[in-house]
Amino acid sequence: MTGTDHEAVESLQRLGLSSYEAKVFLALQKLGSGTAREIHQLADVPRSQVYGAADDLEARGLVEIQQSTPKRYRPVDLDSARKRLGEEIEREREQAFEYLAEVRSEREGTETRDDVWTVRGREAISDRVATLVAEAERRVVFGTADPDLVTEELVATLESRADAGVDVTVLSENAEVRALFDGGPVEPVAVERPPPGPGARVLLVDDDTVLMSVVADAELPETSRETAIWSAGTPFGSVIGQFMEGGIRTILDF
């Protein structure tokens, strides 16, 4: 097998095929159709294992078997294979997440939230910010100078909470950030200096939920440089929220 063949086999394994199934399926793409002996010679799969792998591929709808002597095997067309593997992955994903949801619901009934969590990476932090905003009941204050940190999901979530009657304010010294909220239900406020804390973004939700992030470690990829700490519904969050509240009032000249 060539290096490219190994990469193809590894990709097929990530799609759910076993090593032998992936090798047999790849060999059949090259052969068009073949016997177990021909597949064995090309695929570097023990002949005794070709039969089982081919039967499993047939069960997945990826291979057709000609009932001849000896049996011949033929792959389905690639569009059909792509569709069937996609459907299989979707079924496995749904089953896995249904089970995880069950386990989570059992835990949440008795869960107590720890004080402080750390999350790293722009995308993961953006997801956490959107989640915390979605839980807001009374007010949200969000601040950043970087428009790249204001995702479409965050804009939609902030506007949704504002439409629901939550007091939502966005603080930024960057006009480009403020322009993302022009004409909507969210109030963008221009500030001459950043919100409290030397961070990439800050978030205050109600009175006891906070998130603050910083960008550091220039050796990491840009999307992984940001690190945040957050706390929700805890005494720690309430204390930090009070400090942030003081800084926000100063900025807004309350």
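Coordinate-derived values only; no laboratory data. Note that this is a predicted model, so its numbers are computed, not measured. As a convention, Cβ positions derive from the backbone with ideal geometry for all residues, glycine included, and neighbour counts pool all protein chains shown.
Using Cα atoms only, what is the angle between the long axis of helix 235-252 and the major principal axis of the chain, expressed in degrees (0 to 90) to the nearest 10?
60
Find the relative contact order for the chain and round it to a whole percent, using C-alpha pairs within less than 8 Å whose residues are 6+ positions apart.
About 14 percent, as a whole number.
Can you give the FRET efficiency to the nearest 0.05 for Val103 and Arg37, using r as the Cβ-Cβ distance and R₀ = 45 Å?
Given R0 = 45 Å and the Cβ-Cβ separation, E is 0.45.
If you take the beta carbon distance between Thr131 and Arg91 as r and set R0 to 22 Å, what does 1/(1 + (r/R0)^6) give as a FRET efficiency, to the nearest 0.05?
Between Thr131 and Arg91 the formula returns 0.25.
Apply the Karplus parameterisation 6.51 cos²θ - 1.76 cosθ + 1.60, with θ equal to phi minus 60°, to every residue of segment 22-35 and state each ³J(HN,Hα) to the nearest whole Hz, in sequence, with x for glycine and proline.
Coupling constants for segment 22-35: 5, 5, 5, 5, 5, 4, 5, 5, 6, 7, x, 7, x, 7 Hz.
Quick one: check the C-alpha center-to-center distance for segment 131-169 versus segment 42-71, whole angstrom.
When both Cα centres are located, 55 Å separates them.
Amide H neighbours of Leu171 under 5 Å, at least 5 residues apart or on other chains, H built in the peptide plane: list them.
Close amide H contacts, sequence-distant or interchain: Phe142, Gly143, Thr144, Val189.
Which one, Ile125, Ser80, Gly237, is farthest towards the positive end of the dipole of the chain when Lys and Arg carry +1 and Asp and Glu -1 on their Cβ?
Ser80
Which residue, Ser48, Thr4, Leu149, has the largest displacement toward the positive end of the dipole of the chain when charges sit on each Cβ (Lys, Arg +1; Asp, Glu -1)?
Checking the options against the dipole of the chain, the answer is Ser48.
Once you charge only the Cβ atoms, +1 for Lys and Arg and -1 for Asp and Glu, what is the size of the charge dipole of the chain about its Cα centre, to the nearest 20 debye?
Dipole size: approximately 1180 debye.
Give a residue-ordered list of calculated ³J(HN,Hα) values for segment 62-70 (Karplus: 6.51 cos²θ - 1.76 cosθ + 1.60, θ = phi - 60°; whole Hz; x for Gly, Pro).
Here the 3J(HN,Hα) series is 9, 9, 10, 10, 8, 7, 10, 10, x Hz.
List, in order, the whole-Hz ³J(HN,Hα) value for each residue of segment 142-159 obtained from phi through the Karplus relation with A = 6.51, B = -1.76, C = 1.60 and θ = phi - 60°; use x for Gly and Pro.
Once θ is set to phi - 60°, the couplings for segment 142-159 become 10, x, 6, 9, 9, x, 5, 8, 9, 6, 4, 5, 5, 4, 4, 5, 4, 5 Hz.
Go through Gln13, Ser33, Leu171 and say which Cα lies farthest out towards the positive end of the charge dipole of the chain; charges sit on Cβ, +1 for Lys and Arg, -1 for Asp and Glu.
Sorting the options by dipole projection puts first Ser33.
Among 137-150, 154-167, 60-73, 200-213, how do they line up from the highest to the lowest mean number of other beta-carbon atoms within 10 Å?
Averaged packing, sorted descending, gives the order 200-213, 137-150, 154-167, 60-73.
In terms of modelled amide H atoms, which long-range or inter-chain residues lie less than 5 Å from the amide H of Ala200?
Ser213, Val214, Val215
What 222 nm value per residue comes from the helices of the chain, counting each DSSP H run with n ≥ 4 as -39,500 (n - 2.57) and dividing by all residues, nearest 500 deg cm²/dmol?
Helix-only estimate at 222 nm: -16000 deg cm²/dmol.
Using Rg/Rh (Cα atoms, Kirkwood Rh) as the read-out, say which of (1) 0.95; (2) 1.21; (3) 0.98 was calculated from these coordinates.
Matching the structure shown: (2).
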